[in-house]
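Only the coordinates and a few stated rules stand behind these numbers; no lab work does. From a predicted model like this one, the values you see are computed outputs, not experimental measurements. Note: ideal-geometry Cβ built from the backbone for every residue, glycine included; neighbour counts use all protein chains shown.
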Amino acid sequence: MLRHRAGSLRGILNGVDTTVWNPASDPALAAPYAANRLAAKRENKRALQQEMGLDVVADRPLFGVISRLTHQKGLDLVLTLGEGITHLPAQLVLLGSGDKKMEAGFSELAHRFPGQIAVKLGFDEALAHRIEAGADSFLMPSRFEPCGLNQMYSLRYGTPPIVRATGGLADTVVDVAEDTLADKTANGFVIHDATPHTLWLALERATRCWHDRKLWQRIQQNGMRRDSSWEHAAHEYVNLYRDAIAARA
């Protein structure tokens, strides 16, 4: 039936509550910031490093994860690359719970690499906000994702996401390339295969871009200026209902 009616189907992305998820006024953050005040984001990184027991350093990127620890979310790929992340060099902070083997695996990584990998099992809403603000880049290599919200939070918080091209991730994250930088749509890093090697190449690419501060700021600002509000999504619903009514007239 879905194939038969494919011409009538339409996808509408979720919206973000822009009052709750707003780096300029978020009470959970160490310092407010905006697209034209990105220097203050570094204060949130230092605060997050201190809170999570990471080395307080500014010379390497900090990758963030907030997720259910499941095969769907591709967190097994991140777990496989955990040790390698420390050699980029980069840091990793993870908040989540789920598969017990993954929980044990990430906890073991944090134990082996103190100061470089930090893990908190469970969920903490305020900490989730601080990770979005304090991380340099957000990892979301999902195998499937109908829409997803964390990549949109990340864009809003100037934390370019690394995602797999599936579902809503493919609809919201635009890969960094010459043409997308030129038209000011580049806002993250996109992989197409759910393999550790492919994700590793994206991590390397993101790290190289991060070290180019002017380039990184362009990518951050592109994401922060994207309209992910419910106001935008609501207009899409209104248009859908109007079209449906017109089709029945």
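Could you tell me which numbered condition residue 84 fails, if it satisfies all but one of (1) over 17 Å from residue 66 (Cβ atoms); (2) crowded, with 21+ Cβ neighbours inside 10 Å; (3) of a type in the set (Gly, Ala, Ser)?
Only one criterion is unmet by residue 84, namely (2).
Among the residues in the stretch 228-235, are any under 27 Å from residue 183 (Cα atoms), within 19 Å of the chain's Cα centre (by Cα) and among the small types (Gly, Ala, Ser)?
Scanning the stretch 228-235 turns up at least one residue that is under 27 Å from residue 183 (Cα atoms), within 19 Å of the chain's Cα centre (by Cα) and among the small types (Gly, Ala, Ser).
So residue 105 passes all but one of these: (1) surrounded by fewer than 16 Cβ atoms within 10 Å (Cβ to Cβ); (2) over 19 Å from residue 130 (Cβ atoms). Which condition number does it fail?
Looking at each condition in turn, residue 105 falls short on (1).
Of all the helices (runs of 4 or more DSSP H) wholly in the stretch 136-243, which have at least 3 residues that are surrounded by fewer than 14 Cβ atoms within 10 Å (Cβ to Cβ)?
Details: elements: 150-156, 167-172, 178-182, 196-211, 213-224.
Correct list: 178-182, 196-211.
Kindly list, by first and then second residue, each pair from a residue in the stretch 113-129 that is under 23 Å from residue 23 (Cα atoms) and in contact (Cβ under 8 Å) with a residue 40 or more places away in the chain to a residue that is part of a loop (DSSP other than H, G, I, E, B) and among the polar types (S, T, N, Q), limited to pairs with Cβ atoms under 6 Å and residues at least 6 apart or on different chains.
Close Cβ pairs satisfying both conditions: none exist.
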